[in-house]
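Read the figures in this text as sums done on the coordinates, not as results from a lab. None of the values given here were measured: they were computed from a predicted structure. Reconstructed Cβ throughout: ideal geometry from the backbone, glycine too, with neighbour counts over all protein chains shown.
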Amino acid sequence: MELPITGGCFCGALRYQISKQPFGQANCHCRACQHATGGAYAPVLLVPTEAIKIDGEYQEFVSKGDSGHDVTRGFCGRCGTTVFAHTTRVKSMRPVYAVTLDHPEQFTPELNAWVDFAQPWVCLDPDLPKYQRDLPAEAAGLQPPPHRR
């Protein structure tokens, strides 16, 4: 993706700029993301926390994710658009909702996560890796477990 990556909420009061390449791009099918987006899944860029600059006021809502960790979602207080999230599980990464990009056509999902919760009417791309639950560590910019082959 060409840097900087920019985006914001529906009304324009909340804007962001991403200065580093995302760790990855994923579709999250967990129930928490379904509720947060009002859709079947959340298409997200997995952005290094230090690489996102947020301009404008936003509100946050904290809930337990399906992983059991707290997930905080940032949204515009004026129009309600959910723009980003962060979790206590991985503090080095912030999911940014792909539909809030100025150029959402740049989003290219690389995997599907939490497919155990995928709605039966969603057609999953057979060419993308599928993870029953959480993302692999490296998708969030972390080192893979030492026992992984």
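Overall, the range 5-120 carries a charge dipole of about 180 debye about its Cα centre when +1 sits on the Cβ of Lys and Arg and -1 on the Cβ of Asp and Glu, all other atoms neutral. Positive contributions from Lys and Arg (+1) and negative ones from Asp and Glu (-1), summed over other residues with Cβ under 13 Å from the Cβ of residue 94, come out at +3. Segment residue 102..residue 54, full-extension length gain: 15.9 nm, with 0.36 nm per residue of separation and the alpha-carbon distance subtracted.
Computing FRET efficiency as 1/(1 + (r/R0)^6) for residue 92 and residue 123, where r is the C-beta to C-beta distance and R0 is 41 Å, gives about 0.80. For the range 5-120, rounded, prolate or oblate, judged on the Cα gyration tensor with a ≥ b ≥ c (square roots of eigenvalues), a/c < 1.5 rounded, else prolate if a/b > b/c? Rounded shape, in that the Cα axes give a/c under 1.5.
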